[in-house]
Amino acid sequence: MLDILLCVALFAVSCLTPALAVSVLPPLDGAAFALAILLPAALLAIRLSFAFLEGTLNGPGDLRRCIREQRPSLIYWSIRALLTALLATLLVLAYVLLRRHTF
């Protein structure tokens, strides 16, 4: 159950962060950060669907095992790229929002 909640939380953050980036950051910056998140998210979704169809992954527990063992590597690196883009965008958003309210 925890695996499913983590997947849903990652999906929710992956959807809300680009929308927040586009609404808070200047037009070109917001679009760049949104694209940096949506591209790895789309590639991860495509790769996960192929893995489920091929039988490589059978459920959320297999996804956690994949992350822990770093195999299959394409899914692992897709997840890392998505989380890195999310973290970078959230840090920039925090900086912009804090700067607006303190100065």
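The values are calculated or read from the model by the stated rules, or taken from the named source; none is laboratory data. All figures in this text were calculated on a predicted structure; none of them were measured in a lab. Cβ placement follows ideal geometry from the backbone for every residue including glycine, while neighbour counts extend to all protein chains displayed. When the accessible area is computed, the model is the full protein with side chains, heavy atoms only, and any ligands, DNA or RNA have been set aside. Shrake-Rupley method; radii C 1.70, N 1.55, O 1.52, S 1.80 Å.
Looking only at region 26-42, which residues are surrounded by fewer than 16 Cβ atoms within 10 Å (Cβ to Cβ) and farther than 21 Å from Tyr95 by Cα? Talk me through it step by step, then tell me what you get.
Step one: filter region 26-42 for residues surrounded by fewer than 16 Cβ atoms within 10 Å (Cβ to Cβ), giving 26-29, 31-32, 35, 39, 42.
Hits for region 26-42 are Leu39, Ala42.
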Q) Taking interchain pairs and intrachain pairs at least six residues apart, which have beta carbon atoms under 8 angstrom, with the first residue in region 65-88 and at negative phi and the second surrounded by 14 or more Cβ atoms within 10 Å (Cβ to Cβ) and basic (Lys, Arg)? A) Leu74/Arg47; Ile75/Arg47; Ser78/Arg47
Q. Can you spot a residue in region 43-54 that is free of Cβ contacts under 8 Å to residues at least 12 places away in the same chain, open to solvent by less than 50 Å² (accessible area, probe 1.4 Å) and out of contact with any Ser or Thr (no Cβ under 9 Å at 6 or more places or on another chain)?
A. no
Q.
Taking the conditions exactly as written (under 26 Å from Arg100 (Cβ atoms), of a type outside the set (Ser, Thr, Tyr) and at pLDDT 85 or above), does Phe33 satisfy them or not?
A. yes
(Q) Consider region 70-101. How many of its residues are touching an Asp or Glu at 6+ places or on another chain (Cβ under 9 Å) and not in a helix (DSSP H, G or I)? (A) 0
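Among the residues of region 10-22, is there at least one that is touching a Lys or Arg at 6+ places or on another chain (Cβ under 9 Å), in contact (Cβ under 8 Å) with a residue 24 or more places away in the chain and either hydrophobic (A, V, I, L, M, F, W, C) or open to solvent by 50 Å² or more (accessible area, probe 1.4 Å) (or both)? Show your work before the answer.
First, pick out the residues of region 10-22 that are touching a Lys or Arg at 6+ places or on another chain (Cβ under 9 Å): none.
No, every residue in region 10-22 fails to be touching a Lys or Arg at 6+ places or on another chain (Cβ under 9 Å), in contact (Cβ under 8 Å) with a residue 24 or more places away in the chain and either hydrophobic (A, V, I, L, M, F, W, C) or open to solvent by 50 Å² or more (accessible area, probe 1.4 Å) (or both).
So in region 55-75, with the set limited to residues that are of a type in the set (D, E, K, R) and either modelled with pLDDT under 80 or open to solvent by 70 Å² or more (accessible area, probe 1.4 Å) (or both), which one is nearest to the chain's Cα centre (by Cα)?
Residues of region 55-75 of a type in the set (D, E, K, R): 62, 64-65, 68-69, 71.
In the following step, the residues that additionally are either modelled with pLDDT under 80 or open to solvent by 70 Å² or more (accessible area, probe 1.4 Å) (or both) were identified as 64-65, 68-69, 71.
Details: Arg64: 15, Arg65: 18, Arg68: 17, Glu69: 19, Arg71: 18 Å.
Here the residue is Arg64.
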